[in-house]
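Asks: Structure incoming, see below.
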Amino acid sequence: MLVFFVVLPSPAAAQNPAGPASAGKLEGTWVTQVTFRDCQTGSPLRTFLALNTFNEGQTMIDTTTGASASARAPGLGKWEKTGPQTYSATTLAFLFSPVGTWIGAQKLTHVIQASGGEIMFTSTVEISNTAGNVTVNGCATAVGQKL
């Protein structure tokens, strides 16, 4: 089974407690440099670029250079404000074999810090098979700027 890692945001179905004006600080598209890490040591394993778009209404989409576009669909998800400059996000992307067969999904869960035009992520990665069983866990960090 092929394994692909990316970073992107989005949990929570609750309405933004701080209101729409403060939610706008995250809204927009961010170019991030993602570093996939060894979860035990924090050592970097590989680095790649991703795009994360946070939409009004707390939905989001991510794409990545960490996997071929034919191997990983864009991640779709949601985000929420958790503090003055902090957010959480979760995305889900389908994964495919080299011949185009669906082989599973990638779930990314992010804790996000945003300040001005800069953003930092700490993320967990779960790869599951088509039965929904988690087969791989991973860790990543990301830094980026608003497009």
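The values are calculated or read from the model by the stated rules, or taken from the named source; none is laboratory data. Predicted model only: the values in this text are computed from it and were never measured. Note that each Cβ is placed from the backbone with ideal geometry, even for glycine, and that neighbours are counted across all protein chains shown.
Asks: If we keep just the residues of the stretch 110-134 that are touching a residue at least 60 places away in the same chain (Cβ under 8 Å) and farther than 15 Å from Leu92 by Cα, which is surrounded by the fewest Cβ atoms within 10 Å (Cβ to Cβ)?
Replies: Ala114
Asks: Quick one: which of Ala114, Ala105, Ala93 is assigned to a strand (DSSP E or B), touching a Gly at 6+ places or on another chain (Cβ under 7 Å) and among the aliphatic types (A, V, I, L, M)?
Replies: Ala93
Asks: Looking only at the stretch 77-97, decide whether some residue is touching a Pro at 6+ places or on another chain (Cβ under 9 Å), under 18 Å from Thr32 (Cα atoms) and of a type in the set (D, E, K, R).
Replies: yes
Residues checked against (1) acidic (Asp, Glu); (2) within 19 Å of Trp30 (Cα to Cα); (3) in contact with a Leu (Cβ under 6 Å, 6 or more places away or on another chain); (4) modelled with pLDDT of 95 or more:
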{"residue": "Gln85", "(1), (2), (3), (4)": "no, yes, no, no"}
{"residue": "Leu95", "(1), (2), (3), (4)": "no, no, no, yes"}
{"residue": "Gln113", "(1), (2), (3), (4)": "no, yes, no, yes"}
{"residue": "Ser123", "(1), (2), (3), (4)": "no, yes, yes, yes"}
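Asks: Exactly one condition in (1) surrounded by 13 or more Cβ atoms within 10 Å (Cβ to Cβ); (2) part of a strand (DSSP E or B) is false for Ala67; which is it?
Replies: Tallying (1) surrounded by 13 or more Cβ atoms within 10 Å (Cβ to Cβ); (2) part of a strand (DSSP E or B), Ala67 fails exactly one: (2).
Asks: Among the residues of the stretch 71-90, which ones are assigned to a strand (DSSP E or B) and not small (Gly, Ala, Ser)?
Replies: Arg72, Leu76, Lys78, Trp79, Glu80, Lys81, Thr86, Tyr87, Thr90
Asks: A further question on this structure: Could you list all residues from the stretch 93-113 that are among the hydrophobic types (A, V, I, L, M, F, W, C) and over 14 Å from Asn52 (Cβ atoms)?
Replies: Phe94, Leu95, Phe96, Val99, Trp102, Ile103, Ala105
Asks: Moving on. Before we move on, is Leu51 at pLDDT 95 or above and closer than 17 Å to Ala142 by Cα?
Replies: The answer is yes for Leu51.
Asks: What is the residue count in the stretch 78-91 for residues that are out of contact with any His (no Cβ under 9 Å at 6 or more places or on another chain) and surrounded by 19 or more Cβ atoms within 10 Å (Cβ to Cβ)?
Replies: The qualifying residues number 3.
Asks: Another question, if that's okay. Considering only the stretch 39-63, how many residues are surrounded by fewer than 15 Cβ atoms within 10 Å (Cβ to Cβ) and part of a loop (DSSP other than H, G, I, E, B)?
Replies: 8
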